[in-house]
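Visitor: First the structure, then my questions, so here it is.
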Amino acid sequence: MKLAARVSQVTPSITLAIAAKAKAMKAEGIDVCSFSAGEPDFDTPAHIKAAAVKALDEGKTKYGAAAGEPKLREAIAQKLKTDNGLDYKSENVIVTNGGKHSLYNLMMALIDPGDEVIIPAPYWLSYPEMVILAAGKPVIVQTDASTGYKITPEQLQKAITPKTKLFVLNSPSNPTGMVYTPEEIKALAKVVVDADIYVVSDEIYEKILYDGVEHVSIGSLGQEIFSRTLISNGFAKAYSMTGWRLGYLAGPVEIIKAASTIQGHSTSNVCTFAQYGAIAALEGSQVCVEEMRQAFAKRRQVMLDRLNAIPGLSTAKPDGAFYLFPDISKTGLKSLEFCNALLEAHQVAVIPGVAFGADNNIRLSYATDMATIEKGMDRLEKFVRSRI
Ligand SMILES: Cc1ncc(COP(=O)(O)O)c(C=O)c1O
């Protein structure tokens, strides 16, 4: 069979592949400690589930508007105003099948063949693939531990060409957990405005922050940057709703309209009754978000202390998300070799940094219970000590 050329240009998700392998080993009865999944281990809060059940019972089971239920679009616009200082109306918002799909819709709406999209590495692995699927050109800017894995304004400036259309900013970051300071965001915003390009700010981890660190949404820093900003966000991480597939894109009306047209011909609307769960998530008590954040904070400290006690690993302390990103270069192994050997010999699943454009690192998710963290760190320590 001759498949479309675009298929050979994209790589299947390594994260999903490793998570699937760990799951399959578990199903065979093997005692696997998995730190691979990018999802909270908590159940969706009860009041959110109840709102979706109620909507289902009330017959909210039909097609809806492609851009989302009007009440949810309004609730999102309100959230963006109160939480993020962004002056959007519902017409600036489209509800999508997860944060991932909001970014995909954006690439389809904005990127022409040959358009360049600047992506700092380490990056969330779907960004470059989505750009390629839109026939654009991902321009990867390498960062390292010396800048906290953050792109500097000078690096951004240097990467911009007449073909640059979009800059992808992700703070807090997957995979590093790093959070840009308000000053750093301000400096990047200036480069974006001066170059007259767009920025998409992926804020899906905005609620998962530690040690009093603040999240600043780049679009809130003035009218000039606001008009060039797209916000991608979703319900998966903050409200433990990964399987619900609920996210959104916010930005200038013309882009949102274009994304709605594309969505209208691909997925139509997001599951109607699920959207009522999202309304409850935004309008209900936020205590559940804080409780999960506090649990992540405890796990982060335990995992970080354990990693720092392993000679040969070097791990920066991140301020957000639920990942640690140790440098493994002293083991002499590249990330994929490291991950395969660790999984086969010690039954610990972690993600190779090569998937995120950083082959000297591995990503561990601490969105799992404390007992698994302790057991997994014992095994990881044994493995690393045997290598150095
Ligand atoms: C940085 C980042 N953006 C977007 C997403 C997409 O999340 P979802 O499509 O589940 O809402 C993820 C999920 O892992 C992520 O890590």
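Visitor: Might you check whether a residue that is more than 12 Å from A321 (Cα to Cα), modelled with pLDDT of 95 or more and away from the ligand (no atom under 16 Å from the Cβ) occurs anywhere in region 165-176?
Guide: At the first step, the residues of region 165-176 found to be more than 12 Å from A321 (Cα to Cα) are 165-169.
Next, only the ones that are modelled with pLDDT of 95 or more stay: 165-169.
Within this subset, residues satisfying the condition of being away from the ligand (no atom under 16 Å from the Cβ) are 165.
Yes - at least one qualifying residue is present in region 165-176.
Visitor: So, one more: Among the listed residues A259, A316, A278, which satisfies the condition of being touching a residue at least 40 places away in the same chain (Cβ under 8 Å), of a type in the set (G, A, S) and closer than 22 Å to E214 by Cβ? Full working, then the answer.
Guide: On the way: A259 fails: closer than 22 Å to E214 by Cβ; A278 fails: closer than 22 Å to E214 by Cβ.
It is A316.
Visitor: Which number in (1) of a type outside the set (V, I, T); (2) assigned to a strand (DSSP E or B); (3) surrounded by 20 or more Cβ atoms within 10 Å (Cβ to Cβ) marks the one condition that A236 misses?
Guide: (2)
Visitor: If you don't mind, another one. Please go through region 334-360 and give me each residue that is over 22 Å from W124 (Cα atoms) and assigned to a loop (DSSP other than H, G, I, E, B), ordered by number.
Guide: Of everything in region 334-360, just one residue is over 22 Å from W124 (Cα atoms) and assigned to a loop (DSSP other than H, G, I, E, B), namely Q347.
Visitor: Another one. Among what's in region 177-204 and is assigned to a loop (DSSP other than H, G, I, E, B) and crowded, with 18+ Cβ neighbours inside 10 Å, pick the residue that is farthest from the ligand (Cβ to nearest atom). Spell out how you get there, then give the answer.
Guide: So in region 177-204, the residues assigned to a loop (DSSP other than H, G, I, E, B) come out as 177-181, 196-197, 203-204.
With crowded, with 18+ Cβ neighbours inside 10 Å added as a condition, the list becomes 177-180, 197, 203-204.
Numbers: G177: 11, M178: 12, V179: 13, Y180: 14, I197: 20, E203: 9, I204: 4 Å.
Taking the candidates together, the pick is I197.
Visitor: Another question, if that's okay. Determine whether S260 is of a type in the set (G, A, S) and in the same structural domain as L209 (by TED's automatic domain parsing).
Guide: The answer is yes for S260.
Visitor: Report yes if some residue within region 58-79 is assigned by TED's automatic domain parsing to the domain that holds R228, within 15 Å of the ligand (Cβ to nearest atom) and among the hydroxyl-bearing types (S, T, Y); otherwise report no.
Guide: No; the residues of region 58-79 include none that is assigned by TED's automatic domain parsing to the domain that holds R228, within 15 Å of the ligand (Cβ to nearest atom) and among the hydroxyl-bearing types (S, T, Y).
Visitor: Could you tell me whether region 318-333 includes any residue that is farther than 24 Å from Q78 by Cα and in the same structural domain as G64 (by TED's automatic domain parsing)?
Guide: no
Visitor: Hey, could you check region 239-275 for residues that are surrounded by fewer than 22 Cβ atoms within 10 Å (Cβ to Cβ) and touching an Asp or Glu at 6+ places or on another chain (Cβ under 6 Å) and say which is nearest to E58 (Cα to Cα)?
Guide: Checking each candidate, the answer is T242.
Visitor: Go through region 9-27 and give me each residue that's free of Cβ contacts under 8 Å to residues at least 24 places away in the same chain and either assigned by TED's automatic domain parsing to the domain that holds W124 or of a type in the set (A, V, I, L, M) (or both). Full working, then the answer.
Guide: Our first condition is that a residue be free of Cβ contacts under 8 Å to residues at least 24 places away in the same chain; within region 9-27, this holds for 12, 16-17, 20, 23-24, 26-27.
Residues satisfying the conditions are L16, A17, A20, A24, A27.
Visitor: Yes or no: region 235-255 includes at least one residue that is out of contact with any Leu (no Cβ under 6 Å at 6 or more places or on another chain), modelled with pLDDT of 95 or more and closer than 22 Å to K375 by Cα.
Guide: No, there is no match, as no residue in region 235-255 is out of contact with any Leu (no Cβ under 6 Å at 6 or more places or on another chain), modelled with pLDDT of 95 or more and closer than 22 Å to K375 by Cα.
Visitor: For residues that are in contact (Cβ under 8 Å) with a residue 60 or more places away in the chain, in a helix (DSSP H, G or I) and among the aliphatic types (A, V, I, L, M), scanning just region 361-388, find the one that is surrounded by the most Cβ atoms within 10 Å (Cβ to Cβ).
Guide: First, pick out the residues of region 361-388 that are in contact (Cβ under 8 Å) with a residue 60 or more places away in the chain: 361, 363-370, 372-377, 379-381, 384-385, 387-388.
Filter again for in a helix (DSSP H, G or I), leaving 370, 372-377, 379-381, 384-385.
Checking which are among the aliphatic types (A, V, I, L, M) leaves us with 370, 373, 377, 380, 384.
On the way: M370: 13, I373: 20, M377: 21, L380: 24, V384: 22.
Only one residue fits best here, namely L380.
Visitor: Provide a single number: the residues in region 188-205 that are without any contact (Cβ under 8 Å) to a residue 60 or more places away in the chain and within 30 Å of L364 (Cβ to Cβ).
Guide: Going through region 188-205 one residue at a time, the tally reaches 3.
Visitor: Restricting to region 211-248, give me the number of residues that are more than 10 Å from the ligand (Cβ to nearest atom) and charged (D, E, K, R).
Guide: 4
The values are calculated or read from the model by the stated rules, or taken from the named source; none is laboratory data. Only a predicted model underlies this, so the values are computations on that prediction, with no experimental measurement involved. Heads up, the Cβs are rebuilt from the backbone with ideal geometry, glycines too, and the neighbour counts pull from every protein chain shown.
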